[in-house]
1. Could you say whether any residue in segment 350-368 is outside the structural domain of residue 443 (by TED's automatic domain parsing), surrounded by fewer than 15 Cβ atoms within 10 Å (Cβ to Cβ), of a type in the set (Lys, Arg) and more than 19 Å from residue 225 (Cβ to Cβ)?
2. Which numbered condition in (1) under 24 Å from residue 100 (Cα atoms); (2) surrounded by 15 or more Cβ atoms within 10 Å (Cβ to Cβ); (3) out of contact with any strand residue (DSSP E or B) (no Cβ under 8 Å at 6 or more places or on another chain) is the only one that residue 424 fails?
3. If you take the residues of segment 204-253 that are modelled with pLDDT of 95 or more and among the basic types (Lys, Arg), which of them is nearest to residue 405 (Cα to Cα)?
4. Could you list, in sequence order, all residues of segment 253-290 that are more than 19 Å from the chain's Cα centre (by Cα) and of a type in the set (A, V, I, L, M)?
5. So is residue 35 polar (S, T, N, Q) and farther than 19 Å from residue 362 by Cα or not?
6. Any chance segment 77-94 includes a residue that's more than 23 Å from the chain's Cα centre (by Cα) and in a strand (DSSP E or B)?
7. Going residue by residue through segment 482-492, is there one that turns out to be of a type outside the set (Asp, Glu) and within 14 Å of residue 116 (Cβ to Cβ)?
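The values are calculated or read from the model by the stated rules, or taken from the named source; none is laboratory data. Keep in mind that this is a model prediction, so the values were computed, not measured. With ideal geometry, Cβ positions are generated from the backbone for all residues, glycine too; neighbour counts draw on all protein chains shown.
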Amino acid sequence: MINPKTLDQVVIVGGGSAGWMTAAALSRLIGNGHTRITLIESEAIGIVGVGEATIPPIRHFNELLGLDERDFLRATQGTIKTAIEFVDWTRPGHTYLHPFGTYGADMNAVKFHQYWLKLRQLGQAEAFGEYNLCDVAARQNRFGPVARDRQSPVSSLHWAYHFDASLYARHLRRYAEQRGVQRIEGKVVDVHQRPEDGFIASVEMESGDRIGGDLFVDCSGFRGLLIEQTLKSGFEDWTHWLPCNRAIAVSSASAGELTPFTRSTARDAGWQWRIPLQHRIGSGFVYSADHLSEDEATSVMLDNLDGEPLNTPKPIRFTTGRRKQAWIKNCVAIGLASGFLEPLESTSIHITQAGISRLMALFPDKDFDPAGITEYNRQAEYLYRHIRDFIVLHYHANERHGVPLWDHCRNMAIPETLQRKLDLFRLKGRLFRYEDELFAESSWHAVLLGQNVMPDGYDPLVDAAPEDRIIDAFRQMHQAVAGAVASMPKHQTFIDQHCRAAMTAPPA
């Protein structure tokens, strides 16, 4: 028997990646035979479509849905991603990688990077990235299964994906509709609230039809049709820390070897992304309109493409920040409707995924327990603030002197939570994660050391281990990483053998 408080109808307003990820997850997990799911979207409203690079948790989402990885990669023109390459961020001419996975192995309950800091002072350490399997594999354009030796000091391989966001949405739409999700084509022109409590009662279509529901999920993108325009959530603006507020996106023809990493290249007024897919390169330029015009930004981007542009450059305006409340009454904002952080660390789709996971963990009945809503909003705020701090770090820790945007970011006051991390790391390389932070310590180490934030010293406990033993352990780790990578096929070979898409031209 179904509990009378069980939701009868969930209405998702908006499609794209956010809408169809939500619909697919709900159709997979609710499964009570009672709750109906409806998704409203309009073909006339475009999607932003910049979220083509991901981080490893996307694999868990796909596994939850039961998606076959190779079928998914074929359907989305996808490729593998094991790292992000940062070009010219520290200073012009300098490059480093932020790879997935860990560096080396901890010893005697002391962090690996602490031993590396000591050996670096002694001139006995390889470059930090040489001890990370994903880093070395990315630089050699390799990816594939690695025989896992339990005695090996090498961590397992971690990876995510590059894919066409519109094709991913299409793939998930098929999945969701096969599981009973109803799609309604058209634009929402009005929102009706219950007079007694302000809860959303229905949305009105351009045709005049009204779609009623118990729970409404706002996936309407930047405009926040329900969460902001109707329920007045309010917006916390972070432009003073992240001054870029425009982007230009375009696709270009592929050229050169297929790389298993995203590239971010710093420019004078922002940064340019490069995302390699099977059939094209996804490119874009995130910049500050206070330092560059749209025409100038478009020219900078087009001058730095791999191949010929395949479409007209698309301008995108945004304000970095978050909704003050992502869940109000019976409305939850997912994806861009909940806020925006530039895709420097490929977190856009993860923020959507995290919102869906929280919604499922706190899924309501018709009572809409306020404690659950409060906890959802607390966790949403924490995730946004943590990612914000990590992105601000990239801008703040730069040595690009004499360039107005970068001088401002280097000299600005940063969030107290980030300043505390930096102060602790600069002393003896110590860094702590709090609660359920998204980025692991290894990610912070990659960016801090990659952008030349070198500690003054190292953990005194390191000196308890004889130097010859440390050097020998590091030699074994380095050899283990090199040997594992040498056994991998090239990334292109892996794609060709296992998940090559039939279509090589970009979709219409």
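1. Yes: one or more hits.
2. Residue 424 satisfies all of (1) under 24 Å from residue 100 (Cα atoms); (2) surrounded by 15 or more Cβ atoms within 10 Å (Cβ to Cβ); (3) out of contact with any strand residue (DSSP E or B) (no Cβ under 8 Å at 6 or more places or on another chain) except (2).
3. Ranking the qualifying residues of segment 204-253, first place goes to 246.
4. Residues satisfying the conditions are 253, 255, 258, 269, 289.
5. Judged against the criteria, residue 35 is not a match.
6. Within segment 77-94, not a single residue is more than 23 Å from the chain's Cα centre (by Cα) and in a strand (DSSP E or B).
7. no
Condition check ((1) closer than 21 Å to residue 106 by Cβ; (2) of a type in the set (A, V, I, L, M); (3) loosely packed, with under 15 Cβ neighbours inside 10 Å) across all residues:
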site: 390; (1), (2), (3): no, no, no
site: 410; (1), (2), (3): no, no, no
site: 445; (1), (2), (3): yes, no, no
site: 451; (1), (2), (3): no, no, no
site: 460; (1), (2), (3): yes, no, yes
site: 494; (1), (2), (3): no, no, no
site: 498; (1), (2), (3): no, no, yes
